[in-house]
1. Per residue, what accessible area does the stretch 50-194 have, given a 1.4 Å probe and all protein chains present, in Å²?
2. Once a ≥ b ≥ c are taken as the square roots of the eigenvalues of the Cα gyration tensor of the stretch 274-394, is the result rounded (a/c under 1.5), prolate (a/b larger than b/c) or oblate (a/b not larger than b/c)?
3. Could you sort 367-380, 322-335, 520-533 so that the peptide with the highest average Cβ count within 10 Å comes first and the rest follow in order?
4. At a Förster distance of 30 Å, what's the computed FRET efficiency of Lys447 paired with Asn312, Cβ-Cβ distance as r, to 0.05?
5. Could you list, in their original order, any pairs among Lys177/Lys333; Lys124/Lys173; Lys180/Lys288; Lys60/Lys220; Lys470/Lys490; Lys372/Lys463 whose Cα atoms are separated by more than 25 Å?
6. For Ile415 and Glu91, compute 0.36 nm times the residue count separating them, minus their Cα-Cα distance, and round to one decimal in nm.
7. Which value, in debye to the nearest 20, gives the size of the charge dipole of the stretch 386-472 about its Cα centre, when Lys and Arg are +1 and Asp and Glu are -1 at the Cβ?
8. Accessible area per residue of the stretch 317-456 at 1.4 Å probe, in Å²?
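The values are calculated or read from the model by the stated rules, or taken from the named source; none is laboratory data. Worth saying up front: this structure is predicted, and the values here are computed from it rather than measured. For neighbour counting, all protein chains shown are included, and Cβ atoms are generated from backbone atoms with ideal geometry for every residue, glycine included. The area values use the complete protein model at the heavy-atom level, side chains included, leaving out ligands, DNA and RNA. Shrake-Rupley method; radii C 1.70, N 1.55, O 1.52, S 1.80 Å.
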Amino acid sequence: MAEDELRDIIQRCQILEEEDFKGEDFNLFQVAGQKCFEEGYVADVLEVVQNEKNKLCSPKELVLGFLEQIEQASGEYRSQTILLLLKPLQEVLLKLQNKKAYSVGLSLSTILNQISLLPVPYTKQQLKEDKHGLCQCCNALTPFVNPFVEEVVKHMETSSGEDFKELKEELLKYCLKSLKYPLLMAELDQLPEDPPQYSLRRFAADILGILLDIRELLPKVFSWDRCKYECWDEDILEMDKEQSAESLACLSYMVFVQDCFGIDCLPVVFNPSYILQCNMVHVGVLLKRTEESILSKGLALLENCLLRLEDNSLLLEYLEFKGFITTPQDLVKVMTLCPFEHLRKKSLKILQLYIEKFEEEGKFTLFRCLLKTSNHSGVEGFIIQNIKNQIDLSLQSTTGSKVFTGLQLASLLDIILSLPEGAETDLLQNSDRIMASLNLLRYLVIKDNENDNQTCVWTELCKIERNFLKPLHTGLNMSRAHYEAEIKNKKENKRESHVSKKICSLTVAGEKMPHMTTEMELQVLHSALYTFDLIESVLARVEELIETKTTAAAEETTRIK
């Protein structure tokens, strides 16, 4: 048996003099030890290693032997092996005295590589079960690393020792890799009544504590260089920029959203707009991922930064900074493409919050950009409603900017009050935008008299009729005729086949819908006709208001003359 073979090798090696102990003897020990691991005799190997009588080789060779065992462990033995060998591995590393940076770095890298193969528990039940042992391994890493952190802190005070600078770099890499995995994927919100061992919050707080101790927390959070991705190679060495970006994004989330887990480290002098500016790169990194845990961190980080700001406090110039234009576009993608409903709703809420933080010129530029880039009728309808609200505020105000009136507004109306493809536009797919546009036009006609013409809607009326109202009439007639013909064909086919539940397929907005019965497909077609009726009723009301206003204005002009 493997256990007996290991003990035989140990007994033979114990009687050898140190100079007689060769590399092949250690190789035999490694092979026998590996067999014990595979057969479940892990505790026996640990007992042999911890026995002072069994100093088999130099500390460096023993480190490599331990790491080989950790690296070769698989399946359910992966976390068990890590947990059993951490203490003896630490003892050997500490015996390396002043030349330990490389070995410590190699050890931490090997352990984290194995941990990266363990799935991150996310739900409360998964965290409690910790089926694969990831939480246990992470929480056991802190006491393993602490002696090396203490050494670095001690020598930082005296600024002595090149090896300790290298050791600091290895600890920094360890922290950043831990931020990348598992903490980026982990649920870090406080779960009620959960013991610390069932949560990765404790490990996250430990990582922050290490960064604070080695004086790397604030530089990594607030350094402008790290936003530009230009100076990272000096600090992070082997980590590529994408991994580093995700690590630092997770770090910012932990510092600002989780409030440093009670660690008091943030200066209170930073302006809220500066904090937002520092974090926009991180928000962008997080929002470009698709995992629920990472998207939620990006949304939470952005919301946290925005809530620090007063409404109407961000100037137009901020949109020139990195991330200030792309972030709302990322929010739109989450709103329209994310499979998680609660994140779609939260993204919509945060986009509204983001809009409210800009002053009028900023809002105007933001609206114009989103109208051109969103390519989604619902989002365009949302933006147009926001524009209507800003116009209303501007018309009521006697002071301040008049961006949402006059000729500047006219340039925005050119985009809103038009059909993307004229009469050929898919009215059903664009119904949200069209209804919002009609409601805006109705508001402008009611609110702005022709003689005042504060919004330029009356001087632009001919263009509006040519580019929007007339093509909309034509499009409605064409669409209604098409859908009525479809309904007629479906009904005739149903009577001919005498099969009331025939399965059909339908393509809507380029996407093939699930198979439907003929009755279900008819319901969809009738729903489309109802949408056309709704658009037509608002269109008729708008045209009625225009005619009433222009007639009244003409009569007033005649009376004055």
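1. Each residue of the stretch 50-194 exposes 48 Å² on average to a 1.4 Å probe.
2. Oblate.
3. 322-335, 367-380, 520-533
4. With R0 = 30 Å, the Cβ-Cβ based efficiency is 0.85.
5. Lys177/Lys333; Lys124/Lys173; Lys60/Lys220; Lys470/Lys490
6. Contour length minus the Cα-Cα distance gives 109.6 nm.
7. 160
8. Roughly 44 Å² per residue, with all protein chains present.
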